[in-house]
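Here the structure comes first, spelled out in structure tokens, and everything after it is commentary.
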Amino acid sequence: MFPVVVVHGGAAKVPKERSEKFMLGVCSSARTGYAVLRGGGSSMDAVVEAVNHMENDPTFNAGCGSMLNIKGEVEMDAIVMDGKTLASGAVSAVRNIANPIQLARLVMDKTSHTFLTAEGANQFARSMGVPEVPPESLITEHSRMRWINKLAAGTNPVECQMDKMGTVGAVAVDSEGNVACATSTGGMLIKMEGRVGDTPCIGSGGYADNQVGAVSATGYGEAIMKVTLARLILFHMEQGQSVEAASDLGLAYMESRVGGLGGVVTVDPQGHWAARFSTSNMSWAAAQKDTLHYGLHPGEDLTQSIEDPL
Ligand code: GLY
């Protein structure tokens, strides 16, 4: 079994002029997670480091690049799950935190709960000494312009699935065969204040179980929750499907049953991995056996050596 980390930077339409930033971002994230695994670190450490990296990259809809809600504010959701123990930690609708994925991990490690929300989650962050950042530091010029343009264009919840989505996530298997997942998001552009999507909901935005595998999902949260996409894919793996076939079956079911589009990264405890999506693009990267695989368009699988400079 070869340790592996697979990351996604969100299933959504990526304009040509932004594609390089997305590719660089996911490749850099996968390298970060892989460095943890190569150093003997756990799959949980690897996925948290990989997602933390993308939260710090303003390219992505998470952390400092988060989409804005209807009031022009940032509210973020995140989850981690450990496949060895089935322990998980999640936060939703948190504000003024640079790295919600770290807070989700603290919920898992330092409380007897699995999910904290809104002001309670922020209070917990303060009690743990997690620094609060000014709200403006999480808002980029790009996200502000998208918010202004979207408000001007009016809201049509069906018409614009494709351009409102985005999330970051990672799955990994370490040298002991333990699997883990981590997912983090700013949610949907112009979402209602207090709206929580699939990302922090166990079995929807992520799930990890050493007996089956791990999944991190991205896409239209309201649809992902209806079919509990991450757990659905693991169910197909329990029935004997490969990581790739199970991911495709889950995504196809979501599209046919509830009209939802999205993408996933999936691993099994043997180190098999997949990055699959039903949207036109999903930035993703996987690091295994000192090789980096990455892509953005359907069927794309580019490679480079991990030793090569970015
Ligand atoms: N998948 C992210 C969201 O819908 O919030």
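Among the trypsin sites (Lys or Arg not before Pro) in the stretch 1-105, those placed in a DSSP loop whose Cβ has at most 16 other Cβ atoms within 10 Å are Lys13, Lys71.
Which whole-number percentage describes the relative contact order of the stretch 9-114, with Cα contacts under 8 Å and a sequence gap of 6 or more?
Numbers: 157 pairs, mean separation 19.7, N = 106.
Across the stretch 9-114, relative contact order equals 19 percent.
The lysines whose alpha-carbon is closer than 28 Å to the alpha-carbon of Lys226, local same-chain residues fewer than 8 away aside, are Lys13, Lys71, Lys84, Lys150, Lys164, Lys191. Between Ile306 and Ser242, the FRET efficiency from the beta-carbon distance, with R0 = 25 Å, is close to 0.50.
Percent relative contact order of the chain, based on C-alpha pairs within less than 8 angstrom and at least six residues apart? Kindly include the intermediate steps, with their values, before the conclusion.
Numbers: 875 pairs, mean separation 78.2, N = 310.
Once normalised by length, the contact order is 25 percent.
Where only DSSP H runs of four or more residues are counted, the chain gives -10500 deg cm²/dmol as its mean residue ellipticity at 222 nm, each run worth -39500 (n - 2.57). In this structure, the amide hydrogen of Gly206, modeled 1.01 Å from its nitrogen in the peptide plane, lies closer than 5 angstrom to those of Ala217, Ala230, counting only residues at least 5 positions away or on a different chain. Rounded to the nearest 20, the size of the Cβ-charge dipole of the chain about its Cα centre is 600 debye, with Lys and Arg at +1 and Asp and Glu at -1.
Mean sequence separation of contacting Cα pairs (under 8 Å, at least six apart), scaled by the length of the stretch 254-307, corresponds to a relative contact order of 22 percent. Rounded, prolate or oblate, given the Cα gyration tensor of the stretch 16-122, with a/c below 1.5 counting as rounded? Oblate, because a/c is 1.5 or more while a/b does not exceed b/c.
Just how large is the dipole of the stretch 60-144 about the Cα centre, in debye to the nearest 20, putting +1 at every Lys and Arg Cβ and -1 at every Asp and Glu Cβ?
Working: 7 positive and 9 negative charges, 35 e Å.
So the magnitude is around 160 debye.
Readers should treat all values here as calculations from the given coordinates under stated rules, not as data from a laboratory. The structure displayed is predicted, hence computed values, not measured ones. All Cβ positions, glycine included, derive from the backbone under ideal geometry; neighbour counts span all protein chains shown.
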